[in-house]
Structure formats: structure tokens, C-alpha cells
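The values are calculated or read from the model by the stated rules, or taken from the named source; none is laboratory data. Given the structure is predicted, the values throughout are model-derived calculations rather than measurements. Reconstructed Cβ throughout: ideal geometry from the backbone, glycine too, with neighbour counts over all protein chains shown.
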Number of protein chains: 4
Amino acid sequence: MNFASDNAYAAHPAVMAALARANSGAMMGYGADPVTAEAEAAMRDLLDAPDAVVRFVATGTAANALVCAQLSPAFGRIYCHEDAHIETSECAAPEFFSHGAKLMTLPGSGGKLLPAVLSNAIRIGAGGGLNGGRNAMVSITNATEWGTVYTADDVAALASVAHEAGLPLHMDGARFANAVASLGCSAADVTWRAGVDALCFGGTKNGAMAAEAVIFFDPARAEAFDYRRKQSGHVFSKSRFLAAQMLALASDGLWLTLADAANAKARTLAAAVEAGGGQLLQPVQSNAVFATVPAETHARARAAGAVYHLWPDKSAEGMDPVPLRLVCAWDSPDEDVEALAAILRG
Amino acid sequence: MNFASDNAYAAHPAVMAALARANSGAMMGYGADPVTAEAEAAMRDLLDAPDAVVRFVATGTAANALVCAQLSPAFGRIYCHEDAHIETSECAAPEFFSHGAKLMTLPGSGGKLLPAVLSNAIRIGAGGGLNGGRNAMVSITNATEWGTVYTADDVAALASVAHEAGLPLHMDGARFANAVASLGCSAADVTWRAGVDALCFGGTKNGAMAAEAVIFFDPARAEAFDYRRKQSGHVFSKSRFLAAQMLALASDGLWLTLADAANAKARTLAAAVEAGGGQLLQPVQSNAVFATVPAETHARARAAGAVYHLWPDKSAEGMDPVPLRLVCAWDSPDEDVEALAAILRG
Amino acid sequence: MNFASDNAYAAHPAVMAALARANSGAMMGYGADPVTAEAEAAMRDLLDAPDAVVRFVATGTAANALVCAQLSPAFGRIYCHEDAHIETSECAAPEFFSHGAKLMTLPGSGGKLLPAVLSNAIRIGAGGGLNGGRNAMVSITNATEWGTVYTADDVAALASVAHEAGLPLHMDGARFANAVASLGCSAADVTWRAGVDALCFGGTKNGAMAAEAVIFFDPARAEAFDYRRKQSGHVFSKSRFLAAQMLALASDGLWLTLADAANAKARTLAAAVEAGGGQLLQPVQSNAVFATVPAETHARARAAGAVYHLWPDKSAEGMDPVPLRLVCAWDSPDEDVEALAAILRG
Amino acid sequence: MNFASDNAYAAHPAVMAALARANSGAMMGYGADPVTAEAEAAMRDLLDAPDAVVRFVATGTAANALVCAQLSPAFGRIYCHEDAHIETSECAAPEFFSHGAKLMTLPGSGGKLLPAVLSNAIRIGAGGGLNGGRNAMVSITNATEWGTVYTADDVAALASVAHEAGLPLHMDGARFANAVASLGCSAADVTWRAGVDALCFGGTKNGAMAAEAVIFFDPARAEAFDYRRKQSGHVFSKSRFLAAQMLALASDGLWLTLADAANAKARTLAAAVEAGGGQLLQPVQSNAVFATVPAETHARARAAGAVYHLWPDKSAEGMDPVPLRLVCAWDSPDEDVEALAAILRG
């Protein structure tokens, strides 16, 4: 009963099959292979973005930090939510890759930036002269770190604020599939059509072994990106094995099928929380549940072997009710979901 | 009538005289000269710290950022106040010099960190695993960015929290002289005797042209610091000219005399603010006044040619009352102080 | 007929099987899984180094650059051969990860450093004061970029020079298996027993998809390495999939079996070169052949579809004889090897 | 009798006078003062470059490294002479400021790059793909580290090679005044008119305390440079004191007068070397003499108290003849020059 993270789960059989298919004989390295070409094209199709530049890396931290370094100078200000993964969970990788860019963290309910808050922060930043660094970019996460989603309109409103100030908009989509599945819109609608300039499209949590796509919708923004990726050790010599994973997810809508499955499991747990007198801390719009549950319920869950994190404070043990996070993957076993749901229902 | 900053003012005649004295014939460069040796010794004497390593640089940003890089790895967490100069006003120099260290900003009235807040933040940081980076150091500013001062006891309480977690304590003393003059204690009492491990002792705002001292009380903490200073372009070939400035300030207690003068001018303005129906936002414990004054008073001050910043929001023009910052230097003309005081009194 | 690089080839079936085996249900991420533990132990066994710290990353550039950053400060001097991969082929990744360390390149026949040359360079570096930076480490490649190998005695002689100066010795073992297979010694003999402090053990060119092991023989040298790996985006959330690859190679001596196969193919080509009037530029001691062949032979090889690089100057087309590099993988088809050999024989 | 370096000498009285003049009352900080404006204008006049962007810093290492970071990305290749100051004597500051740019060092007699050698290196760099990084800029030193000078034609030939490849040309002019005085041309002729894009104009060795000018002839190349300077701690709050020094040197041709004086002293020593059976290693075209002298002469010089460096190997003590470097400043006492000359003559 592991609900600690979606990255605790496996790679989908179609991903494994794609790796096996790619594993045939000699191909030129460093991305000059047909699998990479096919996968890049598949991503462009998926996003309805025929001119986009698509590159693959193995980790979400690499994807995000490379985009930050690409879009911000060392003296740049990167606006993001105070709970953004790039702020809390990447060991200062954006600062490292960019050589010093400063993450300007902003509050916002449910992990979502508010246009007015963003606008005001950008205005203050613009007025700070050399002291505060130069406004560089805006980063949002979709689905957010609190399991909520930005709609296309939400994104457009933030993009409008960013673009008015001349700043590009980055979307950390470690759980992009879960967001799109939840929204029921197209990938294009919630990204470039809404004003997103760079997207990190997560594969790992979606059913890959270790694969993420970095997409720049305007090729000009990708200038020299390949050098940056190389210099940070994120170009695979046998690139086909990165590409094959994303190709599998992009094929036949597998990415959405898997995200749908994960989201549904989360909804099951959410309903159980509420039925059992717990309280949802956020609307459950993707594959994670943030809730408080009675301490007694928590004790029974732990006794039954359920693994999950207390959240946001891992030291909340002993509180009543207990705040926690439950994350579902495409392959969280249905019997585990049902077993935990039964406990949650009380 | 310039009250914009203490760095808008001049160098003291004794500093100029010391430069002239140092300007005689050939001396070996890069610090291997007798003036540097004498100045380093004078700083050690001033601090009653015979084993301390003393080095000179030309700017406060260099001093602070070099210490951050010395005491924090690229993946370090540096705890400081949310209004700390290193956070708000150094264009992400600490992040640049350290290659990514993250400033963990904390709230606190009057620009001062609170031990309990610091302790809790350090505890959370320690529990974050790789995600959040590694706890590295604590930085405080004395006098603070809000013109208040940490007493020796205040410092000791924070040092105790830091040291218990194995973290060194840095003091940004851009206005260290103002703090010591205000406290009436010794320089040692409020630094190493209270647990400070590294001190940036500001000369520029105290009456130098451009000179700051970086002091490591434990020589082991200064290991390889000279390489770091060199690699960042902060070793002067004609080092005697940096040293001579600090030597002048350290001689005959000039540093305290000048700080006393600046502090007294600030107290005069503070009294005038209160007499005129304005309100002090912070106790005036050094050479700066943070206050709100009636818009009408502000208008008359501006009309009289007074230069100062609205604070903290430079766009506060139009508010009533108006929040502002008045900074005095050792040589802010008494007639200017008196003229502004008269306006403030209404 | 692809002899461009060993990274143009596939992953071994045992590697694929290990990935499939690892792909079962939920495991905690970021290295806290049993596959990672087993693979780390297997590497320690292979190296007869029970105390070594073993970590996995996906690319050789990441492995090397992380070790450089771990063993050298920003102001460090890293001594290596002028043809070292870290110098010529990693897009300045060591400089980027270390934030400025300088690669001090030295000449040496066959890609091998000479103790006397190294010793002299270290002496000069030590005498340069701040100007030249501080001596930090020595890096060698085994097998070298010219297909030759360092024997255990060779390594010991260089280690002795390095250690005498207090510098650690790094071995870039992108083709470590080929070197050990060629030498017929144990992995321990040519590494820690000979004085190597940090080893990058290459999996990718040896039959993995994308996997390398970083090994610090003295755990103290690995201090905080995990933060460094995390901050650069090289910690996999589903770490088991990196580990499984190395585990497969380390099991049943597969790493040596595959390296032996690749080396044998290279020897076949080498013999053909000589039989056909070409000239070996270096002794063929691993899986690569560096040679000049008659232009006419080259033309026939190209006509037959052979893919390889002219070397070291890719623009040598038109020369007679033509300098080239032929690299064999464990799975370079025997019929391709034989076909090219036939052409080379003339 | 100090001939160790020109930075072992003093600041000119006119520089001291300018500092005293600038030291009057309040001026806004960070460059927003009239002295800075006047000095920037004076430099533009001196260079006959009305559109140039001029900025002041305190050290030559800062000036050079900031220009490298401005003109090269982290993955850039910077072409320079193997004896360039940026390569040998700045503790890897260019690599640090640029976050990894690689200095591609080239041979050349007398410290001068040759167009054909440069052209070939750039061609090879362009062909290296991601592996070798991206060609970024060319840097030359005038006067060179061997005391020779590039003529306007020399510079134009190198600029032509650089520009053809789309690369900007940087001139490290730590001893620019000595070069121009020696050439008898205008500052414009040997810089922007010959194709130089960025110039570091040295003040420190020319008679300042600590001041250098960074000049970008095309303002577009200076984009965001002020942020870079700020983030590295090289913006002075009391900027007038940097500016005043350069203003003094730029006034009434003082910079050339002082350089002429230093050059003449070097010519005196050079003639003495030759008269005494020593040998000049390079033509003496600026203020330094590189020569071998009989060991017996060297012994007498040392006995007489002469201070200078053996060169290039400081451990050459004991050789016969002895290679050495003699550097003259504007204020090397004539009696010292004559005394050493007498010894050199034998």
C-alpha cells in the first residue's frame, strides 16, 4: 500500500516494449537516431506544435533547471509559487544551473499563482534597479504541488501578466498528463495556446522509467539549449532509450489513459476521506489527495501497512487530525486503493 | 540635504591622509606590503582577536558574498532575515559566488531574526533530505536593515541556535560601527564573544572611500579564502590602498567617533519626527530613521530639497502619511540635519 | 558496418532482463530501493572494496564532472592529458560543475600521462601562488582516448606523484571494462590498490542503456556527494532502473565477457590494418583501433558502407594515407568486422 | 630597486588630487554621480568613441573576467595566447565568472597570436559539435605579457579572423597605455578602428590606485553588463572614487605621459642588458624587459638589492645565464634604473 509518490511505481509495459524495440543494432549516438526523431515528432504532434523544439532528459529536476538556465541569466528573478517544486524540492538546481538566479516565491491558495499577486511582484522587481536583479521569467506547475490544476484560462491570465512585462512563462509539467486528463482539454490549449513558452512534460511519473521532455514552443528560445544540456551531462549517448519511453507514452494516447487511471484512484481516496470525517485540504483535481484525517484513522492505515507522507510537515505525527498526502500512480493496485479507502471511510 | 544613504557621503580626511601616507614608493603587491600587515593587525586589536584572519575588499557585496561562498556549499541553505541586504540588495551575489546556495528568508520584527523562528526553520531544513539542500549557515545584519541593533545577548541566543545545529554565524556589519557605538559595548562582545564566526566590518559607510574587512575568528574557517577572493577579482594589486583606509578608521577609535556622530544626527531627526506628529516605525538605534510622516510634511521636505527614499515601497508617493527612510552619515551637514528637523517638527 | 563508437550499439539482453525484473510494483524512490542496494553491493564486491561509496548516474559526462566538482574547488587545477575526454569532449562540464576549475593539460604518447611530466607540472602549479589557482587533483582515463591502457604499475607511479603532492587520483573508466579485460588483472589491482581515489566505471559503452557508477574508495571523499548529484539533476526518482543495469553487468562477470568480445573484434581489425599496409598509430590494447590506411582502402570501406570517424582531425578527408578510428562494441556484428577486415587487408 | 612589477609602484599625484577633489559632500551612489559621468565621457573622448559604453572596476582580473562572462556563455570557447594573463594569472576568474567557459590556448612568439593559428583553431572548434563547446570570443593582450605590442595592423588581422567566424575580439589592456605610447598611434586606431569590440583599459599599472575601465564599443554588447558587475560585487557605492582616478589619467594626456616614462626606463635597461652581454628574449616595446643575463650579473644585482622575478620559471635560480623580467613603472626612480643599468652593463 504505497501512496508515498507516483515515482514509487513502475514503468508501463508499453514503455518496456518500446525500449526493447529500440534496442536493435547500431544507431548513431547523441540524438542522431531515428527513434529520437520519431519521438520528437510525436511530442510535437501531441502538442499540435509543429515548430516546437523538443528535447529529452532523464529527470524532472534536470528539465526544470535547464529551462530556468535557458530563460534566466545569473542575475535573473524567477517568479514562482512558494510551494513550487523548483523552490522546495530540487536542491537549488535552478540556482545552480543558472549560476545564481533568484526564485521569487509568491503565496497563493492551492499551490496556484494569482495574476494580481504576480503582477504586483513583477512591478516591484522591475523597480528594484540593480539591487534586486532583473525580472527574467515566470514558472508555474501544472498539476500543482497541491494536486490542483490551472485551467487554460488560469494559464492565459498569468501568461498575459508575464508577457506584458516581457517575461516568458514556463510550465513545470511533472504531472502534466494528470492535469490535462483532469481538465479534459487538449495539451495545446493549456500550454502554447494559453501562452506557455516552455513546457517540461513529465514522463517518469506518468509511466516511464526516467524520461521527461523539454519543449520550447518558439525555436528561438531554444537557442544553444543543446550545449547547455550537454555541459550539464544530460545528453545521453544512447539517446534512443530516452526517446523510446516518451514515444511509447505519446502513442495511442497512453499518457492520458495512464493519467486518467491515476486520477480516478485519487478520486476514490478523496471520497473515502470525506466519508470518514476527514477533510480535503484542496480540491482533488489530479492524482494526489491532500487531507486531514482523524488520528485514529491514520493509526489504522499505518497499522495496515499504508505508506504515505505527512504533509506539509513530516513531523506532524501526533497531531489529531493528521495532515497527509496520498499520491496515486497509474498502477497503484486497485486492491490497495480499495483497502486504504475502506480504512479512510472508518 | 541628502539623506538617501550613508554611502552618498565622503571619505574622512584621516582616510585621505592615510592614503597619501601609503602612497610612497615601491611596495610588493597583492597584500605583501607593510600597510596591509599593519591594518590587519589593527583590526585584530580592535576586535581583541589575535588569531583572527583579516582580509580587505572594496565592497560590502563582495565581503558578504565571499563569506557566503566560504561557509556554504552550492547546495547549502543560508538562513537570514527576509529583509536582509544579502537577500534584497545584492543582485543575488551570494547565490552567484556560492553557485546556487539558497537564502532561506525568515520574518522578524525590526529586521531581527528570532531564535525560535530560526530554530524551527533549521529543524525543517534538516528534515528535508536532499530535496531542500543542506543547512549551511546563518547570517544576521548588525545594525539591521531597519536601523535596529542586536545586543550581545541577542547575538548569543542566535549563535547558540546556529551552533547547536553545527552552523556558523555570519554578521553583515556594513554598519557595524553604528551598532557598536549604539550598544556601547566592545566589538568583541557583540561578535566572537557572542558566537559570531565571520564578520564583515564595513568601512565604506563609516567614512572610507571603498573598504570593508572580512574577518574569520577561527583561522580554519578562512582556509583557501584568498583563492576565492582572487578568483572573483577582489584582490587588489596595490593592496595598501585598501588597507590604509581601514587602518585610518581603526586608529584612535575613529570608527566609533564617526559612527557616534552619524547616530546622533539620526536621533535628532527621530525626535523631530515624533515632535511633528510622525511615527517611528522602528526604534532608532543606529544612523537611520524609518518613519511615517504627514504627506504635507513630506511635501515641504521635498520642496526644501531633501533627498531620501520612500520605504520600503519606493512607489509610496501619494500616501498619507508617507513611509520613508532617512540615513545619516558622519558628515551629513549639521545645518542640513537641523533644516530637515525643523521641517519634520512642522 | 558501424565503427563510429561503442555507444552506437545496443544494450545487452541481460541488462534488458534486469530492467524487466526491477519493474515490479512499488519501491521507494531516490535510491531507497533494494535494487540499488544490491547493485551498490555488487560493485563493491567487483572492486573488492567493501567500504567504497558507490553511486549511479546515467552519463559519463555527469560521472566525470561530478567527481571533478567533488574533488576540486572552483579555484582548483585539475591535471589531465591533453586528449582527455574531460578536456576535449564534455563541453566544459568539469568547469561548469566545479564552477571554474582549470584543466591543466599535459602531453604524453598514446594518451597516457607520464609521471615525470605530471610531477613537473604539479611543481610549477604549486609555485604559482594565487595567480594560477590551487593544485586540486589528477585525472587519467583507462582505457585511454587512444585505446591504450595503463597497467597497475603505470597507475601506481602516477598515484605516487599525485599523493606526494596531496592530490587525489581520479580514473575516468568509460571503458574501464575494456582496460581490465585487456590487462587481465583484477579491478582492484588497477584502481584502489594502485592508488586510485575515485573511479568512474562505465556501463553505457559496456552494454548498458545508460548507466555509470561513481566510486569513492574512501567514504570521506564522498562527503555530501549526494547533494551534488541531486543539485545537478542526476538523481533518478526511479533509481532502481539505473541500478539494475549495473547489477546486470556486474553479475557473472558479464562486464568482462562483453569487454573481451569488443577487444577481440578490435584486434581483428588491427591485424587487418597491418596486413593491408596500414599503420597502427597506437598499440591496440582495448576496443579501438587508431590507424592510418591507404586512401584507396578508405574509399573502398566507405563505398561498402562502413561508418567511422577520421581521427583526430575529422577534416582529414583527402589525405593519403587517411588517419581513422575504429571502435568495436560487444555486439558489433562479426560479419561487419569480417567485412571491414577484408577491405582493410586489401 | 624594485622591478618586480609596475603594480608595486604608487599612484600619481594627479590621481590623488582628483580623489581629493571628488571627496566633497554628498553625491548619489552607484554611479549616479557627476564624477562618474565626466570620467565616462573622458574615456569616450580619449577613444574617439562617442557611443561606447564605459564602466569602471577596481581590478584587472575583474575587468577581464566580466568581459569574458559578458561575451561568452558557460559553454563557450575563448581563444587566447597560452601565456595570456587570463590563462596564467587570474586564478581561473574567467571560468568562474562565465561558469565554465574554456580558454583555448594557442602558441605564438612574443606573446602574440598569429592569424593563421587562430583561424585554424577556430575552424577546429567550429567542427567539434557539442563536445567541444561553442566558439565564443577571441582575447588578446596589448601590450602582451612578453612586453611586445600588437600594431593596428596586427589587431586588424586578428579581428578579421574573429569576425569572419562571428566572434567578438577582446583586448586586455592592463598595459594599454604602454602599448599606445610605444606605437605612437591613437587609442582608436589600435582598438575599435582595428576591430576590437571590448577593451579593458588599465589604470592601476598606469598610475592609479586601483581603477580599470571596461569599454564596449557597440552598446548592444554591454546589454545587462551592469547587473553582471553588481552581482560580482564590483559596483562601488561611492563610485566617484573609481571614476576620479581614470578621469585624472585621461586628462591632459597623463596616461600617455606616464606610459612614455615607464617605457623609456625599460629601454634604458634593455640597452644595458645588451651592452653587458645579456640577451633580450623579446623586443622591448613597452615597459618590461625579458632577458637572460650572466649569472654573475644577476648575483651583483641581487646583492645591490634589486628586486625582480626570474621568468618564466621562478625556480631558474642557479642557471647561467639567468632568465629574468624587469618591469618599470612611471615612477621607478631614475637612480634605481641607472644603478641597475650600471650593474647590467657589467
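Structure data summary
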read-out: A:V57, sole failed condition from (1) under 23 Å from A:D6 (Cβ atoms); (2) out of contact with any strand residue (DSSP E or B) (no Cβ under 8 Å at 6 or more places or on another chain); (3) touching a residue at least 60 places away in the same chain (Cβ under 8 Å); (4) within 14 Å of chain C (Cβ to nearest Cβ); value: (2)
read-out: Selection within the range A:283-320 - under 29 Å from A:A181 (Cα atoms), of a type in the set (S, T, Y) and not in a loop (DSSP other than H, G, I, E, B); value: A:T292
read-out: Any hit, the range B:39-50, residues being under 25 Å from D:A18 (Cα atoms), assigned by TED's automatic domain parsing to the domain that holds B:G132 and either of a type in the set (A, V, I, L, M, F, W, C) or under 23 Å from the mean Cα position of the chain (by Cα) (or both); value: yes
read-out: Residues located in the range D:188-244, provided they are among the basic types (K, R), free of Cβ contacts under 8 Å to residues at least 60 places away in the same chain and farther than 30 Å from A:S72 by Cβ; value: D:R193
read-out: Top-ranked residue of the range A:87-146 - restricted to ones that are among the hydrophobic types (A, V, I, L, M, F, W, C) and within 14 Å of B:L103 (Cα to Cα), ranked as farthest from the other protein chains (Cβ to nearest Cβ); value: A:M104
read-out: Residue within the range D:271-278 that is crowded, with 24+ Cβ neighbours inside 10 Å, outside the structural domain of D:T59 (by TED's automatic domain parsing) and assigned to a helix (DSSP H, G or I) present; value: yes
read-out: For B:A11: the one exception among (1) modelled with pLDDT of 95 or more; (2) surrounded by fewer than 19 Cβ atoms within 10 Å (Cβ to Cβ); (3) part of a loop (DSSP other than H, G, I, E, B); value: (2)
read-out: Condition met for A:A17 (more than 8 Å from chain C (Cβ to nearest Cβ), modelled with pLDDT under 95, surrounded by fewer than 19 Cβ atoms within 10 Å (Cβ to Cβ) and farther than 30 Å from B:A65 by Cα); value: no
read-out: Meets criteria (more than 14 Å from chain C (Cβ to nearest Cβ) and touching a Leu at 6+ places or on another chain (Cβ under 6 Å)) for D:G276; value: yes
read-out: Test: residue in the range A:205-227 that is farther than 29 Å from C:F97 by Cα and small (G, A, S); value: yes
read-out: Selection status of A:F241, outside the structural domain of A:F290 (by TED's automatic domain parsing), buried (at least 22 other Cβ atoms within 10 Å of the Cβ) and not aliphatic (A, V, I, L, M); value: yes
read-out: Matching residues, the range A:219-251, being of a type in the set (K, R) and more than 10 Å from every other protein chain (Cβ to nearest Cβ); value: A:R221
read-out: Tally of residues being more than 13 Å from D:M104 (Cα to Cα) and polar (S, T, N, Q) across the range D:115-156; value: 6
read-out: Any chance C:V57 is closer than 26 Å to C:G195 by Cα, at pLDDT 95 or above and out of contact with any Lys or Arg (no Cβ under 7 Å at 6 or more places or on another chain); value: no
read-out: Tally, over the range D:302-312, of residues that are surrounded by 15 or more Cβ atoms within 10 Å (Cβ to Cβ), out of contact with any Phe, Trp or Tyr (no Cβ under 8 Å at 6 or more places or on another chain) and touching a residue at least 24 places away in the same chain (Cβ under 8 Å); value: 2
read-out: Residue in the range D:122-139 that is among the hydroxyl-bearing types (S, T, Y) and under 20 Å from D:A213 (Cα atoms) present; value: yes
read-out: Of residues in the range A:51-60 being outside any loop (DSSP other than H, G, I, E, B) and in contact with a helix residue (DSSP H, G or I) (Cβ under 6 Å, 6 or more places away or on another chain), the one surrounded by the fewest Cβ atoms within 10 Å (Cβ to Cβ); value: A:V53
read-out: Residue match in the range B:35-50 (condition: crowded, with 24+ Cβ neighbours inside 10 Å, in contact with a Leu (Cβ under 7 Å, 6 or more places away or on another chain) and at the interface with another protein chain (Cβ under 8 Å from one of its Cβ atoms)); value: no
read-out: Candidates B:G195, B:G173, B:G203, B:G207, filtered to the one that is crowded, with 24+ Cβ neighbours inside 10 Å and either at pLDDT below 95 or touching a His at 6+ places or on another chain (Cβ under 7 Å) (or both); value: B:G207
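Each row is one residue, and each column tells you yes or no for (1) closer than 18 Å to B:A93 by Cα; (2) in contact (Cβ under 8 Å) with a residue 12 or more places away in the chain; (3) surrounded by 24 or more Cβ atoms within 10 Å (Cβ to Cβ); (4) more than 15 Å from the chain's Cα centre (by Cα).
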site	(1), (2), (3), (4)
D:N64	no, yes, yes, no
D:A74	yes, yes, yes, yes
D:E82	no, yes, no, yes
D:H99	yes, yes, yes, yes
D:M104	no, yes, no, yes
D:S109	no, no, no, yes
D:L114	no, no, no, yes
D:N131	no, no, no, yes
D:N142	no, yes, yes, no
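Per-residue answers, yes or no, for (1) assigned by TED's automatic domain parsing to the domain that holds A:E223; (2) on the phi > 0 side of the Ramachandran plot; (3) in a helix (DSSP H, G or I):
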| position | (1), (2), (3) |
| --- | --- |
| A:R21 | yes, no, yes |
| A:G25 | yes, yes, no |
| A:G29 | yes, no, no |
| A:A37 | yes, no, yes |
| A:A62 | yes, no, yes |
| A:V67 | yes, no, yes |
